[in-house]
Amino acid sequence: MLPRSAIKPGFLLVFWRELHWLRRRRFLLVLTTMLPLALIGILTAVFSAGLPTRLPIAVLDLDHSDLSRSIVRAVDAAPDTMIAARVGDLGEGRALILSGRVHGLLLLQENLQRDVFSGRSADVVFFYNTQQLTIGNLVARGVSAAVPAVAAGIKIQLRTSEGEPVDVAEAAVQPIPVRTNALFNPTLNYIYFLLAALVPTILQIVIVASTAYSVGLDAETPHRFRTLRWLGNGLWKAMAGKVLPYTILFLGVLDIADFALFHVFGLPLNGHRWLLVSASILFILSWQFIGALLALFFPTARAVSFAALLTSPAFGYMGVGFPRIGMGTFAYAWGAILPGTWYLNARIDQTIRGTPVDLSLKPILVLACFVITLVILTAWRLEVLRSRTRVARAVAGGGT
């Protein structure tokens, strides 16, 4: 490899200089590689189980009958729930929920068995904390699946005890069976949709912040800006040489994360790899040019702050935890102007859904439009800055 002094001004000189900066500025190297990989590793360890199971709940059994014990055993045998404590009153159960030791309280009222076998209305009550949306839904699902199964068995037993055939009794208990089929992620594996979505979410924060910091180092003063233009033998060659090393680094980080997702945790690739790679490149370039624009409009420290402000809450608007179709106008529009939203659409389409090419092109085209628009805005801003530096030099020359 030629020494830097032997390279003529142009794209290659700026590219080599940026790699040298990465080696000298350890903070920038850590920010672009080690930090995102460490965060992704932590999230991978958190979600490695794939699906939360055996979530602890408490039970308050006021009936102490064979039926109540059957219900408790059924709930404890459900994959989502585990009876972790037995309490003597509602106050004790409430205290356990508020402390976080359990995530719900199953209440079996007095005379439950007597009311059921006599044909009177009987209720099984379950309390859970809806502020913890995911955990609350999981424990409620476990109880809701276990209790009706026990109730259906009792109804069938009552009918057969009166001489009714088993098949007739089963048909009477559930006359119209409902067959449900979960599409794309039938195991509800959190690795497949939540961890796979968190990886680009973390990466986009790093992309914008590091790009804003890197570009800001050269655009903060007119002298540095002129130096960058001279080293690149033109602003666009200089900008390309400055951005490309980080593009390669971010693609490498994303490839490492995807290798773990696809080959270690078994994330399916039901679509087309070339579409996923294209979306990844456009996604990285979009956020890089957003970071560059922030650096060209604001001082470096403020640009990095704006980058964090823009990207940190972005996950909530991307439609992973809450569907975008149910969002308000502002939230929906804000999510639409984030490149990460469209990248997640393309990513889910090509991994879990296996969406055909003709239906997968929309998010790819939207990302391409993001890149083109941001490149145009960056070109305009560079021309404005160049004009200002020319005017400043002319004024300085006239003053001398």
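Which of rounded, prolate or oblate describes the stretch 1-120 when judged by the alpha-carbon gyration tensor and an a/c cut-off of 1.5?
Prolate, since a/c reaches 1.5 and a/b exceeds b/c.
Accessible area per residue of the stretch 246-379 at 1.4 Å probe, in Å²? Mind dumping the intermediate values first?
Details: 6050 Å² over 134 residues.
Ligands and nucleic acids excluded, the result is 45 Å² per residue.
Would you kindly derive the ³J(HN,Hα) couplings of the stretch 362-376 from the backbone phi angles with the Karplus curve 6.51 cos²θ - 1.76 cosθ + 1.60 (θ = phi - 60°), listing them in order in whole Hz, with x for Gly and Pro?
Going residue by residue, I get 4, x, 5, 5, 5, 4, 4, 5, 4, 4, 4, 4, 5, 5, 5 Hz, with x marking Gly and Pro.
Would you mind checking the tilt of helix 222-232 against the longest principal axis of the Cα atoms of the chain, expressed as 0 to 90 degrees and rounded to 10?
It works out to around 90 degrees.
At R0 = 51 Å, how high is the FRET efficiency between Ile248 and Ser118 if r is their beta carbon distance? Nearest 0.05 is fine.
Working: r = 74 Å, r/R0 = 1.45.
My answer for the efficiency is 0.10.
Dipole magnitude of the chain about its Cα centre, charges +1 at Lys/Arg Cβ and -1 at Asp/Glu Cβ only, in debye to the nearest 20?
For the chain, the charge dipole is close to 2980 debye.
Tell me the label-point distance for the pair Thr389, Leu62, using the 7 Å Cα-to-Cβ offset, in nm and rounded to one decimal.
Here the answer is 7.8 nm between the modelled labels.
Compute the helix-to-body angle for 35-46: its Cα long axis versus the longest principal axis of the chain, expressed 0 to 90° and rounded to tens.
Value to nearest ten degrees: 10.
Rounded to a whole number, what % of the accessible area of the chain do carbon and sulfur atoms account for, probe 1.4 Å?
63
Highest mean first, what order results for 356-366, 240-250 on Cβ atoms within 10 Å?
Highest to lowest by the protection proxy: 240-250, 356-366.
Relative contact order (percent) for the chain, with alpha-carbon contacts under 8 angstrom and 6 or more residues of separation?
It rounds to 18 percent for the chain.
When the chain is fully extended, how far beyond the present Cα-Cα distance does Leu51 get from Gln109, taking 0.36 nm per residue of separation?
17.7 nm
Which distance in nm do the two modelled labels at Arg101 and Ala77 give, with both placed 7 Å along the Cα-to-Cβ direction?
Output for this residue pair reads 2.8 nm.
Kindly list the residues of the stretch 271-293 that lie in the label zone of Val357, defined by a backbone N under 18 Å from the point 7 Å along the Cα-to-C-beta vector.
Within reach of a label on Val357, which here means backbone N under 18 Å from a point 7 Å along Cα→Cβ, the stretch 271-293 contributes 271-280.
Please calculate how many Å² of accessible area the stretch 10-87 carries per residue, with a 1.4 Å probe and no DNA, RNA or ligand atoms counted.
50
What full-extension length gain, to one decimal in nm, is calculated for Leu269 and Ala301 as 0.36 nm per residue of separation minus the Cα-Cα distance?
That works out to 7.5 nm of additional length.
Given [x] 192; [y] 131; [z] 147 as candidate values of volume of the Cα convex hull per residue in Å³, which corresponds to the one derived from the coordinates?
Among [x] 192; [y] 131; [z] 147, the one calculated here is [x].
Along the charge dipole of the chain, which of Phe283, Ser68, Asn185 sits closest to the positive end, that is, farthest toward it, with unit charges on the beta carbon of Lys, Arg, Asp and Glu (+1, +1, -1, -1)?
Farthest towards the positive pole: Phe283.
Applying 1/(1 + (r/R0)^6) with R0 = 30 Å to the Cβ-Cβ distance of Lys8 and Met34, what FRET efficiency is obtained, to the nearest 0.05?
According to the calculation, E is roughly 0.35.
Before rounding to the nearest 500, sum -39500 (n - 2.57) across all DSSP H runs of length at least 4 in the chain and divide by the residue total; then give [θ] at 222 nm in deg cm²/dmol. Kindly include the intermediate steps, with their values, before the conclusion.
Details: 16 runs with 253 residues, N = 400.
Helices in the chain give a 222 nm mean residue ellipticity of -21000 deg cm²/dmol.
Could you give the length gained on full extension between Val375 and Leu188, defined as 0.36 nm per residue of separation minus the Cα-Cα distance, in nm?
Between Val375 and Leu188, full extension yields 63.4 nm more.
The values are calculated or read from the model by the stated rules, or taken from the named source; none is laboratory data. Given the structure is predicted, the values throughout are model-derived calculations rather than measurements. Because the Cβ atoms are built from the backbone with ideal geometry, glycine has one as well, and the counts that use them run over all protein chains shown. These area figures cover heavy atoms from the full protein model, side chains too; ligands, DNA and RNA do not enter into them. Shrake-Rupley method; radii C 1.70, N 1.55, O 1.52, S 1.80 Å.
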